[in-house]
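Notes follow once the structure below has been shown.
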Amino acid sequence: MQNLSSFKNTAIKEKTSSPDILVVSRTFFPKEGGIEEYVYNRCLQNPERTILLTATFAGYQDFDLNQEFPVHRWYLPKIPRLFGLGAIIKQIWNMFWSFFLAIKLYFRYRYNYIEWGHGYDFPAILLLSYILPIKFFIYVHGNDILCPLRNPILKKLFEFTLQRSTGIICNSSFTRDYLSEKFNFNSPTYVINPVVRAEKFGNNAKNQQYLENARLNIRKKYNIPENAIVILSVGRLVKRKGFGKVIDNINQLLDLGLDIHYIICGRGKMQSELEQKASQLQLTQRVHFAGFVTDADLTDYYAACDIFAMLTFFDAQSASIEGFGIVYAEAGYFGKPVIASRIGGVEDAVHHEENGLLVNPDSPEEISQALIRLCEDKQLREKLGSKGMELAVRS
């Protein structure tokens, strides 16, 4: 299977002396996230050929100055929610400016291709494909497929956009299959899994002495004994990430005589609910909320844990699903075994009994048994973690 670092699109072969690929993404670094990381990795493949167009974000000026490729941005103001209208206003704003500036940049660079970094705001690329003499590729990740399905008109427009594209890049086999199941098109489709960018964590990620010190420091910060078993989760605190499923099992693990602690890195609207759950289960000394953690500091948290767990599930109410899950690959990069759900694109990242254990997220028994098994079996943890590191480095 191809991956992002090795992908060379067969439709783009000619050498150029100036940038000729416009990459458009409404969200990009220094905002941290899966799509942002994916698009950034794409830009780093051919920095001499890439022009990036994206929205502003706090701290973007310093970030942009250090890139090997030109970065152009449209201003994105803070838009209030306005009883749900805020999201619509924001989308219209992003579509307008990405459309307008893409035309403006064409007359500056005369680029030949547009790579649309996600399925969001797709009407803009559809219009651009008629106005500009370019070919375009569209990237899809998971949730951006769900959005057009909510409206039959948007669904038809999205199908038409896919059909007009030169190629479609999916972040997982699941995303590719789901896209083919829900939409009619015959454009070529490629699967390119996200990869771990070593530079994200710096040289310390492979410095064993640093990692050991980081492990001890994080445990000291949260008053966790050196020999305790630490479970880690990293992600936005939203319902579908399944943090509560781990919390629900901690007392059972404690009853087995296991010294368990659970660290959650991330922020979001679910934090108060998760804190309340931990309090009700009398686990406030066992469940630790780290809040937002920068990429540089994540190295320390991966070093501190023994198991990485993220039991995602399909949240029908918010129409959200895991398209891949780069955090599983990152855990493997640090040699940590993974417990994950057998759902969405997770199976591209976690191979059952190789680098982790996959469970049915709707089966409390499967979740419980997987947690018990990994917590009790250090040899299995080391075996799965070693394979995870091999897979992460190989990709």
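Would you check which residues across region 327-377 are open to solvent by less than 30 Å² (accessible area, probe 1.4 Å) and in a strand (DSSP E or B) and list them?
VAL338, ILE339, ALA340, SER341, GLY356, LEU357, LEU358, VAL359 - these are the residues of region 327-377 that are open to solvent by less than 30 Å² (accessible area, probe 1.4 Å) and in a strand (DSSP E or B).
Residues in region 325-334: is at least one over 20 Å from LYS200 (Cβ atoms), out of contact with any Leu (no Cβ under 6 Å at 6 or more places or on another chain) and not aromatic (Phe, Trp, Tyr)? Spell out how you get there, then give the answer.
To start, the set of residues in region 325-334 that are over 20 Å from LYS200 (Cβ atoms) comprises none.
Taking every residue of region 325-334 in turn, none turns out to be over 20 Å from LYS200 (Cβ atoms), out of contact with any Leu (no Cβ under 6 Å at 6 or more places or on another chain) and not aromatic (Phe, Trp, Tyr).
For region 80-105, name all the residues that are more than 22 Å from ARG150 (Cβ to Cβ), surrounded by fewer than 17 Cβ atoms within 10 Å (Cβ to Cβ) and modelled with pLDDT of 95 or more.
PHE100, ILE103, LYS104
Does region 45-58 hold any residues that are of a type in the set (A, V, I, L, M) and either crowded, with 16+ Cβ neighbours inside 10 Å or touching a strand residue (DSSP E or B) at 6+ places or on another chain (Cβ under 8 Å) (or both), and which are they? Spell out the reasoning first.
Step one: list which residues in region 45-58 are of a type in the set (A, V, I, L, M), which gives 51-53, 55, 58.
Within region 45-58, ILE51, LEU52, LEU53, ALA55 qualify.
Among (1) open to solvent by less than 20 Å² (accessible area, probe 1.4 Å); (2) of a type outside the set (Asp, Glu); (3) assigned to a helix (DSSP H, G or I), there is one condition LYS220 misses while meeting the rest; what is its number?
Exception for LYS220: condition (1).
Among the residues of region 59-79, write down those that are more than 21 Å from TYR106 (Cβ to Cβ) and open to solvent by less than 80 Å² (accessible area, probe 1.4 Å). Before the answer, list the steps.
From region 59-79, those more than 21 Å from TYR106 (Cβ to Cβ) are 59-63, 65-66, 68, 76-79; that's our starting set.
GLY59, TYR60, PHE63, LEU76, PRO77, ILE79 - these are the residues of region 59-79 that are more than 21 Å from TYR106 (Cβ to Cβ) and open to solvent by less than 80 Å² (accessible area, probe 1.4 Å).
Mind telling me which of the residues GLU37, GLU32 ends up being among the acidic types (Asp, Glu), within 18 Å of HIS141 (Cβ to Cβ), at pLDDT below 95 and open to solvent by 20 Å² or more (accessible area, probe 1.4 Å)? If you could, list the steps in order and put the result at the bottom.
Details: GLU37 fails: open to solvent by 20 Å² or more (accessible area, probe 1.4 Å).
Going through GLU37, GLU32 in turn, the sole match is GLU32.
What number of residues within region 251-286 are over 21 Å from LYS221 (Cα atoms) and either assigned to a loop (DSSP other than H, G, I, E, B) or open to solvent by 70 Å² or more (accessible area, probe 1.4 Å) (or both)?
12
Quick one: GLU382 ticks every box in (1) in a loop (DSSP other than H, G, I, E, B); (2) open to solvent by 10 Å² or more (accessible area, probe 1.4 Å) except a single one, so which number is it?
(1)
Confirm whether ARG26 is at pLDDT 95 or above, within 23 Å of the chain's Cα centre (by Cα) and either over 22 Å from ARG197 (Cα atoms) or not basic (Lys, Arg) (or both).
On the way: at pLDDT 95 or above: yes; within 23 Å of the chain's Cα centre (by Cα): yes; either over 22 Å from ARG197 (Cα atoms) or not basic (Lys, Arg) (or both): no.
Criteria not met by ARG26.
Just the residues that are at negative phi and touching a helix residue (DSSP H, G or I) at 6+ places or on another chain (Cβ under 8 Å), please, taken from region 121-134.
Initial filter on region 121-134 (at negative phi): 122-134.
Within region 121-134, PHE122, PRO123, ALA124, ILE125, LEU126, LEU127, LEU128, SER129, ILE131, LEU132, ILE134 qualify.
Could you figure out which of (1) under 30 Å from LEU149 (Cα atoms); (2) of a type in the set (Gly, Ala, Ser); (3) at pLDDT below 90 isn't true of ALA329?
Looking at each condition in turn, ALA329 falls short on (3).
Quick check, is PRO194 more than 17 Å from THR50 (Cβ to Cβ), out of contact with any helix residue (DSSP H, G or I) (no Cβ under 9 Å at 6 or more places or on another chain) and not small (Gly, Ala, Ser)? I'd like the intermediate steps shown before the answer.
On the way: more than 17 Å from THR50 (Cβ to Cβ): yes; out of contact with any helix residue (DSSP H, G or I) (no Cβ under 9 Å at 6 or more places or on another chain): no; not small (Gly, Ala, Ser): yes.
Answer is no for this residue.
Determine, yes or no, whether ALA303 is surrounded by 22 or more Cβ atoms within 10 Å (Cβ to Cβ), touching a Lys or Arg at 6+ places or on another chain (Cβ under 6 Å) and not in a strand (DSSP E or B). First the steps, then the outcome.
On the way: surrounded by 22 or more Cβ atoms within 10 Å (Cβ to Cβ): yes; touching a Lys or Arg at 6+ places or on another chain (Cβ under 6 Å): yes; not in a strand (DSSP E or B): yes.
Considered against the rule, which asks whether it is surrounded by 22 or more Cβ atoms within 10 Å (Cβ to Cβ), touching a Lys or Arg at 6+ places or on another chain (Cβ under 6 Å) and not in a strand (DSSP E or B), ALA303 comes out as yes.
I'd like to know if region 33-43 contains one or more residues that are in a loop (DSSP other than H, G, I, E, B) and farther than 16 Å from TRP116 by Cα. Full working, then the answer.
Of region 33-43, the ones in a loop (DSSP other than H, G, I, E, B) are 33.
Okay, now just the ones that are also farther than 16 Å from TRP116 by Cα, so 33.
Looking through region 33-43, at least one residue is in a loop (DSSP other than H, G, I, E, B) and farther than 16 Å from TRP116 by Cα.
So, in region 145-166, exactly how many residues are modelled with pLDDT under 95 and closer than 29 Å to TYR109 by Cα?
So the answer is 0.
Is there any pair with a first residue in region 225-240 that is among the hydroxyl-bearing types (Ser, Thr, Tyr) and a second that is open to solvent by 10 Å² or more (accessible area, probe 1.4 Å) whose Cβ atoms are under 7 Å apart and which are 6 or more apart or on different chains, and what are they?
none
For a quick check of your reading of the model, give me the residue pairs whose first member lies in region 41-66 and is free of Cβ contacts under 8 Å to residues at least 24 places away in the same chain, whose second is open to solvent by less than 60 Å² (accessible area, probe 1.4 Å) and assigned to a loop (DSSP other than H, G, I, E, B), with beta-carbon atoms closer than 7 Å and at least 6 apart or on different chains.
The qualifying pairs are PRO47/PHE69; THR56/LEU76.
The values are calculated or read from the model by the stated rules, or taken from the named source; none is laboratory data. Note that the coordinates shown come from a computational prediction; the quantities given were computed from them, not determined experimentally. All Cβ positions, even for glycine, are placed from backbone atoms using ideal geometry, and neighbour counts span all protein chains on display. Note: accessible area is taken over every heavy atom of the protein model, side chains too, but ligands, DNA and RNA are not part of it. Shrake-Rupley method; radii C 1.70, N 1.55, O 1.52, S 1.80 Å.
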